[in-house]
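Visitor: I'd like to ask some things about the structure below.
Read the figures in this text as sums done on the coordinates, not as results from a lab. Bear in mind the structure is a predicted one, so any value in this text is a computation, not a measurement. Glycine gets a Cβ as well: all are built from the backbone with ideal geometry, and neighbour counts include every protein chain shown.
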Amino acid sequence: MLLWQHGGVNDDVPDLDGVLDAVGPRLKALRQERGATLAQLSESTGISVSTLSRLESGQRKPTLELMLLLARAHQLPLDELVDAPATGDPRVHLRPLERNGTTIIPLTRRPGGIQAFKHVIPPGDPNVVPNLQVHEGYEWLYVLSGRLRLLLGEHDVILTPGEVAEFDTHVPHWFGNPGPQPVEILSLFGPQGERAHVRTVPRGTAAERDRR
């Protein structure tokens with residue numbers, strides 16, 4: 001039986017700056033232990049050599065997308081790249097991370113494959129211009145509560161509780177909270193995923209709905 005342990009955001013969570021500062025040396029040591037060059041790691045992850053070099057030297061802070069790609073390439077759980085866990089414990093320790101006001105809780109430790117996360121997204125700023133991203137992989141989103149706005153290519157979608165979206169992350173995309181209440185979602189990210197159909201509306205229509 002797998003037990004789940006969920007502490008508060010500030011419970012037993014290491015200093016974020018200290019954790020991020022330690023990522024670069026850990027990535028470099030791991031690559032060298034496996035006898036891989038930056039060029040070889042770049043080929044397997046799709047991350048440029050210059051970005052990998054800056055990550056290892058600490059000149060660039062790691063993002064969730066980059067760490068997921070590196071975890072998959074090294075066949076390691078994501079948390080082992082940022083803070084090695086104690087061994088022999090079958091529980092999945094949920095250590096929340098903060099990213100631009102959003103709380104991200106890793107739900108899996110399985111090496112490679114699909115990674116699962118819970119996101120708690122605070123109310124958004126209606127004046128912020130969405131910055132669409134493109135990267136390797138597939139993503140699957142399920143809304144637990146609140147309303148999630150998803151921009152995917154030419155589509156502008158509002159997802160409500162119980163609705164699902166799955167898409168190739170090579171397509172420019174962005175998601176955020178258009179409402180006055182926090183939104184909670186589950187996300188799966190990995191090289192594979194089940195297809196799901198979502199409602200699509202013209203971009204202007206979603207914006208008009210958000211202003212009501």
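Visitor: Identify the GluC sites (Glu not before Pro) of region 122-192 meeting these criteria: DSSP loop state and at most 10 other C-beta atoms within 10 Å of the C-beta.
Guide: The qualifying sites are GLU154.
Visitor: Given H placed 1.01 Å from N in the peptide plane, which residues other than close sequence neighbours of GLU163 have an amide H under 5 Å from its amide H?
Guide: VAL143
Visitor: Okay, next question. Between beta-carbons, use under 12 Å as the cut-off and find the net charge around SER145, counting Lys and Arg +1, Asp and Glu -1.
Guide: 0
Visitor: Residue by residue through region 173-187, which ³J(HN,Hα) values in whole Hz follow from phi under the Karplus form 6.51 cos²θ - 1.76 cosθ + 1.60 (θ = phi - 60°), with glycine and proline marked x?
Guide: Each residue of region 173-187 in turn: 8, 7, 9, x, 9, x, x, x, 10, x, 10, 10, 9, 9, 10 Hz.
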